[in-house]
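Below: the structure, in structure tokens.
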2 protein chains.
Amino acid sequence: MADVNVTVLKAPPAQASNPGEPIWDIIELLFFAYRDFVGDPDEVLGKLGFGRAHHRVLHFVNRNPGMKVADLLDILKITKQSLGRVLKQLVDEGYVVQKEGAVDRRQRLLYVTSKGEALALKLATLQTERIARAFGSLGPNAHEAAYRFLAAMIDDENRDGVLRQISRASRPPKARS
Amino acid sequence: MADVNVTVLKAPPAQASNPGEPIWDIIELLFFAYRDFVGDPDEVLGKLGFGRAHHRVLHFVNRNPGMKVADLLDILKITKQSLGRVLKQLVDEGYVVQKEGAVDRRQRLLYVTSKGEALALKLATLQTERIARAFGSLGPNAHEAAYRFLAAMIDDENRDGVLRQISRASRPPKARS
DNA sequence: ACATTTACGTCAGCCATGTTGACATATTTT
DNA sequence: AAAATATGTCAACATGGCTGACGTAAATGT
């Protein structure tokens, strides 16, 4: 029996949002919540000589095996030079491999190794524990509420693409010869 | 009549959370939502030669007029050297002023100028528009749901302090001679 | 009264990770 | 054959974290 917190907090918003006035509470909560959220993996990453940039690359490669470098650049919205630096380290240390594309041999399709998958899972588990703890302290529809709120916060132009990518990721192992 | 989006999206979570498995959708949505959220102010800041570090300092000084430097360091969790760099620029360019503490004259209490307040408000308004748009596309209790989710995501040790700080911020103008 | 602690500032240098710009190489497309 | 595409690389620079050392003024403790 895990130590699950099932207390349903009755926390009211700090303010009634007057029209036109900044929504200070959500602005600040996003800052604090995100900082704690991304802070969890830092200790593990630090021991390996990696940073958050490595985490992001490893995460998305793990979730989208066989993705192109260009796709990764699109998701991360950084330059290929910035990506190249951290990607090279991940490849050199055996967390990621690049395979020549079968159909288009210019492509270097990205895959995690088992070592990389293990690390990605370890980091995701840390973050999942925080999320699960939060959901446990809220009502039964907490997951759906969080999903809808976060999805609605994404740029209109990106939202559909992101949601599609999230739902299809890690479904078919994208069988490759 | 503003162009308010009142469509209530019926977006289901991408996955039923199997126990012990990473909650991939929320992990990724946090990444994308936060990136778009903090991206809004960047253009404005860039024109002024400022970055996100300046934004954070300006934001919290605006919200907590008269705060001590030590308090700001606690909130931001950075070193005084890192803070000093951006704070000095904000002071030099007339966005923030430091006043000697009346009771403890070692303290340099921080206040935004009217120029600083105007910028803080401009940036907060950009982010508020995104949040309001999101809430508009969700149900009537979206604000409370988001508040509770984000609060639950904060470290247990910090949560009460953060919530207290959020609720009392900008209430009393902290009258000062 | 004097010693210590506290609040803050500063100098110097390092690191991680973002940027632009230019150029190279292999491969596919036209 | 020429042009476009996918990727890599070199060089230089900016931002914003960090550590360590040191300084100064004011408050606090004995």
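The values are calculated or read from the model by the stated rules, or taken from the named source; none is laboratory data. Bear in mind the structure is a predicted one, so any value in this text is a computation, not a measurement. Every residue, glycine as well, gets a Cβ built from its backbone with ideal geometry; the counts of neighbours run over all protein chains shown. Areas reflect the complete protein model, heavy atoms only, side chains present, ligands, DNA and RNA absent. Shrake-Rupley method; radii C 1.70, N 1.55, O 1.52, S 1.80 Å.
Among all residues of the stretch B:98-105, there is none that is surrounded by 16 or more Cβ atoms within 10 Å (Cβ to Cβ) and either within 14 Å of chain A (Cβ to nearest Cβ) or farther than 28 Å from residue A:23 by Cβ (or both). Look at (1) within 16 Å of DNA strand C (Cβ to nearest atom); (2) out of contact with any Leu (no Cβ under 8 Å at 6 or more places or on another chain); (3) within 18 Å of residue A:47 (Cβ to Cβ); (4) within 14 Å of chain B (Cβ to nearest Cβ) and you find that residue A:89 fails only one, number (4). If you check every pair at least six apart or on different chains, which have Cβ atoms under 6 Å apart with a residue in the stretch B:44-69 that is away from DNA strand C (no atom under 15 Å from the Cβ) first and a residue that is in a strand (DSSP E or B) second? From residues that are away from DNA strand C (no atom under 15 Å from the Cβ), the pairs are B:62/B:112.
For the stretch A:29-45: of the residues being in a helix (DSSP H, G or I) and more than 7 Å from every other protein chain (Cβ to nearest Cβ), which is least open to solvent (accessible area, probe 1.4 Å)?
Looking at residues that are in a helix (DSSP H, G or I) and more than 7 Å from every other protein chain (Cβ to nearest Cβ), I get A:45.
Checking every residue in the stretch B:67-84 against the condition of being surrounded by fewer than 17 Cβ atoms within 10 Å (Cβ to Cβ) and more than 20 Å from the chain's Cα centre (by Cα) gives at least one match.
Taking the stated definitions as given, is residue A:144 open to solvent by 30 Å² or more (accessible area, probe 1.4 Å), closer than 19 Å to residue B:20 by Cα, at pLDDT 95 or above and more than 7 Å from chain B (Cβ to nearest Cβ)? Judged against the criteria, residue A:144 is not a match. Here residue B:139 does not fit the description of being away from DNA strand D (no atom under 16 Å from the Cβ), more than 9 Å from chain A (Cβ to nearest Cβ), farther than 25 Å from residue B:39 by Cα and out of contact with any Gly (no Cβ under 9 Å at 6 or more places or on another chain).
Within the bounds of the stretch B:76-88, is there any residue that is within 14 Å of residue A:28 (Cα to Cα) and without any contact (Cβ under 8 Å) to a residue 24 or more places away in the chain? So that I can check it myself, show each step before the final result.
Here is the first cut: in the stretch B:76-88, the ones within 14 Å of residue A:28 (Cα to Cα) are B:76.
Of the ones still in play, those that are also without any contact (Cβ under 8 Å) to a residue 24 or more places away in the chain are B:76.
Yes, the stretch B:76-88 contains at least one residue that is within 14 Å of residue A:28 (Cα to Cα) and without any contact (Cβ under 8 Å) to a residue 24 or more places away in the chain.
Scanning the stretch B:46-66 for residues that are more than 8 Å from DNA strand D (Cβ to nearest atom) and either within 14 Å of another protein chain (Cβ to nearest Cβ) or open to solvent by less than 20 Å² (accessible area, probe 1.4 Å) (or both) returns B:57, B:58, B:59, B:60, B:61, B:62, B:63, B:64, B:65, B:66. Here A:124, A:152 are screened, and the one residue that is facing another protein chain (nearest Cβ under 9 Å), open to solvent by less than 30 Å² (accessible area, probe 1.4 Å), among the hydrophobic types (A, V, I, L, M, F, W, C) and in contact (Cβ under 8 Å) with a residue 12 or more places away in the chain is A:124. Checking A:119, A:110 one by one, the residue that is surrounded by 15 or more Cβ atoms within 10 Å (Cβ to Cβ) and in contact (Cβ under 8 Å) with a residue 60 or more places away in the chain is A:119 and no other.
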